[in-house]
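The values are calculated or read from the model by the stated rules, or taken from the named source; none is laboratory data. On a predicted model such as this, the values are computed, not experimentally measured, just so you know. Using ideal geometry, Cβ is built from the backbone for each residue, glycine included, and neighbour counts are taken over all protein chains shown. In case anyone asks, the SASA skips ligands and DNA or RNA and just uses the protein heavy atoms, side chains included. Shrake-Rupley method; radii C 1.70, N 1.55, O 1.52, S 1.80 Å.
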Amino acid sequence: MKKTNRIKIDYRKIFYDIFNAIGVVMHRILFDCLLPKKYRDLSKRDIHTIIFRSDTPAGKRFDIWILVLIAANIVLLIVDSMLVSTTMSRGIESKPFSYWLMRVLEWGFTIIFTFEFYLRIYCLKNPRRYIFSFFGIIDILSIFPAYLSLFIPGAQALTVLRLLRVLRIFRIFRMRVFLNETRFLLNALRRSAVRILIFMLVVVIVAVILGTLIFAIEGDRNPSISSIPRGIYWAIVTITTVGYGDIAPVTSVGQLISTIVMLLGYSIIAVPTGIIAGETIREGREKKNEPFSFDNEDLEPADEPDKASQPANNTPSNPSEL
């Protein structure tokens with residue numbers, strides 16, 4: 001039999017080509033159409049100073065405007081949900097003018113934040129470093145739901161993640177006290193993560209055992225506990241002292257177990273609190289005078305001395321270098 005030659009497809013190269021083409025198009029739209037003429041000749045270093053250097057007047061103004069846009073976007077999202085609820089309650093089938101107005105405004109915010117993210121990676125020497133940083137991931141998560149809504153209706157509600165970008169306010173206004181306290185809290189959580197994980201594993205095991213036990217006792221007499229998963233659900237709700245009331249034991253033995261589980265729940269709640277509190281105290285004793293920032297303020301601007309208005313083949317960073 002003759003061997004057929006299989007054509008190897010370089011999906012990575014295809015992805016990079018698509019990514020590069022999108023960058024070229026975005027650059028042309030931004031620097032040839034959207035930006036005012038006085039900003040089209042800015043170098044990458046100038047753009048880096050405006051976007052990443054919040055200690056400069058231009059950088060602080062840029063960050064404050066971004067925070068204002070984020071707040072406006074969140075208010076728009078809340079108002080949109082109220083309008084949708086009102087429309088559904090009135091039984092209106094056709095989409096009113098307010099619906100289309102909200103969609104236009106929402107996509108306007110999305111486009112602004114998309115171009116902002118492009119500028120952030122465009123002016124950096126090593127874009128990968130920012131993309132995988134704390135704020136880089138948040139920027140991606142704040143943009144992605146809007147485009148996901150094109151395929152999954154309702155996903156635009158996840159744009160509320162843009163509210164996380166307000167954390168930049170600590171860096172913008174140089175609130176060093178808050179930054180240091182945040183570092184203490186994060187370090188305490190990091191140190192206690194393993195112990196809390198082990199504790200949660202024990203709680204899950206206890207919930208499974210109690211759920212199986214209550215099913216064995218109540219299964220034949222209580223329709224609401226018709227399976228072991230239903231019993232586990234009851235155990236978790238009871239241990240956490242939430243107590244929805246949708247499932248309740250009817251036998252004396254089941255009620256006795258419920259009493260024990262509820263008392264157990266109060267003692268369980270105190271365990272992770274004590275672990276984190278102990279690590280926080282320990283972190284406070286090891287206090288260091290090193291400033292902390294969520295963002296990488298030492299991100300280096302691109303070395304290219306070219307201007308932003310040069311041809312597109314010199315502007316977007318090569319995706320293979322990300």
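So here's what we get for this one:
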quantity	calculated
Gain in span if fully extended, residue 150 to residue 68, counting 0.36 nm per residue against the direct Cα distance	26.9 nm
Simple label model, 7 Å out from Cα along Cβ direction - residue 21 to residue 86, nm	4.4 nm
Within the accessible area of region 1-80 (1.4 Å probe), percent carbon and sulfur	65 percent
R0 of 25 Å, Cβ-Cβ distance residue 209-residue 140: FRET efficiency to nearest 0.05	0.05
Label-point separation, residue 95 to residue 78 (7 Å along Cα→Cβ), nm	2.5 nm
Average accessible surface area per residue within region 205-264, 1.4 Å rolling probe, Å²	57 Å²
Simple label model, 7 Å out from Cα along Cβ direction - residue 61 to residue 164, nm	3.1 nm
Entries of 13/125; 13/60; 60/125 with Cα pairs more than 31 Å apart	13/60
